[in-house]
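Before any comments, here is the structure.
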């Protein structure tokens with residue numbers, strides 16, 4: 001169990017862009033964090049001591065990562081996306097033995113955007129809802145995992161919504177549609193906007209990421225949150241709630 005002043009973090013996915021950013025933030029001592037170690041996609045390369053694991057690797061490493069975390073009884077922050085149904089099952093099963101934090105976006109600002117969007121949709125039940133996300137031209141997935149997370153959270157308060165990815169063609173917009181649109185250009189870190197509009201008024205809620213460091217900071221805060229939790233599967237909603 002974690003008892004120290006400094007939280008010793010094992011970074012999984014150290015060779016990736018976000019892994020490098022996370023290591024830099026930890027080495028600067030963000031929020032009393034310290035670096036226990038850093039590995040690529042093979043968690044078994046680590047043989048030291050850590051208080052928790054933060055994963056910024058790839059969803060294909062899920063089984064080995066989760067197996068290691070359970071064996072070592074280490075809280076695990078999963079900041080990757082694109083998990084298959086089998087991988088999600090593995091994570092859910094492991095959360096019965098260790099605390100796991102999982103989010104498609106580690107930004108506290110995005111977490112707040114989710115809560116504000118849900119409240120706005122509940123307040124304006126007849127409004128049309130659209131989500132627009134913008135990212136750099138090298139991003140592989142489209143729409144982004146964060147856009148899907150926003151859509152799924154909004155659907156929780158308006159279950160009849162149907163996702164329409166990148167609307168096109170000669171067809172009128174259906175009332176229960178929620179459009180999700182992806183834009184790719186330049187070096188955009190990540191912008192997400194939720195538009196909630198009626199015939200007489202529109203609310204636009206937007207979050208802009210200026211530096212990838214914000215995701216690393218959020219992951220560290222999530223790790224510190226986990227150290228106080230019992231086994232279970234946690235999200236940004238649990239942390240900011």
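The values are calculated or read from the model by the stated rules, or taken from the named source; none is laboratory data. Here the structure is a predicted model, which is why all the values come from computation and not from measurement. Positions of Cβ are generated from backbone atoms using ideal geometry, with glycine treated the same way; all protein chains shown enter the neighbour counts.
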Since residue 167 meets every condition but one in (1) modelled with pLDDT of 95 or more; (2) more than 21 Å from residue 140 (Cβ to Cβ); (3) touching a strand residue (DSSP E or B) at 6+ places or on another chain (Cβ under 7 Å); (4) not in a helix (DSSP H, G or I), which condition does it not meet?
(1)
Leading residue by the ranking (farthest from the chain's Cα centre (by Cα)) among those in the range 97-117 that are in a helix (DSSP H, G or I) and surrounded by 19 or more Cβ atoms within 10 Å (Cβ to Cβ)
117
Selection from the range 135-151 of residues surrounded by fewer than 20 Cβ atoms within 10 Å (Cβ to Cβ) and under 13 Å from the mean Cα position of the chain (by Cα) yields 145, 148
Counting residues that are surrounded by fewer than 15 Cβ atoms within 10 Å (Cβ to Cβ) and assigned by TED's automatic domain parsing to the domain that holds residue 118, which strands (runs of 3 or more DSSP E) fully inside the range 174-241 reach at least 1?
177-184, 190-197, 202-209
If I filter the range 124-131 for residues that are surrounded by fewer than 15 Cβ atoms within 10 Å (Cβ to Cβ) and in contact (Cβ under 8 Å) with a residue 24 or more places away in the chain, do I get at least one hit?
yes
Residue list for the range 152-164, filter: without any contact (Cβ under 8 Å) to a residue 24 or more places away in the chain, surrounded by 17 or more Cβ atoms within 10 Å (Cβ to Cβ) and either touching a strand residue (DSSP E or B) at 6+ places or on another chain (Cβ under 7 Å) or under 14 Å from residue 135 (Cβ atoms) (or both)
164
List pairs: first residue in the range 90-114 and within 17 Å of residue 60 (Cα to Cα), second residue assigned to a helix (DSSP H, G or I) and at pLDDT below 95 anywhere in the structure, Cβ distance under 6 angstrom, at least six positions apart or on different chains.
103/236; 104/145; 104/146; 104/149
Residue 121 vs. criteria assigned by TED's automatic domain parsing to the domain that holds residue 200, touching a residue at least 12 places away in the same chain (Cβ under 8 Å) and not in a loop (DSSP other than H, G, I, E, B):
yes
Quick check on my filter: what residues within the range 97-131 are at pLDDT below 95 and touching a strand residue (DSSP E or B) at 6+ places or on another chain (Cβ under 7 Å)?
107, 109, 110
Run down 182, 223 and say which single residue is touching a residue at least 24 places away in the same chain (Cβ under 8 Å) and within 16 Å of the chain's Cα centre (by Cα).
223
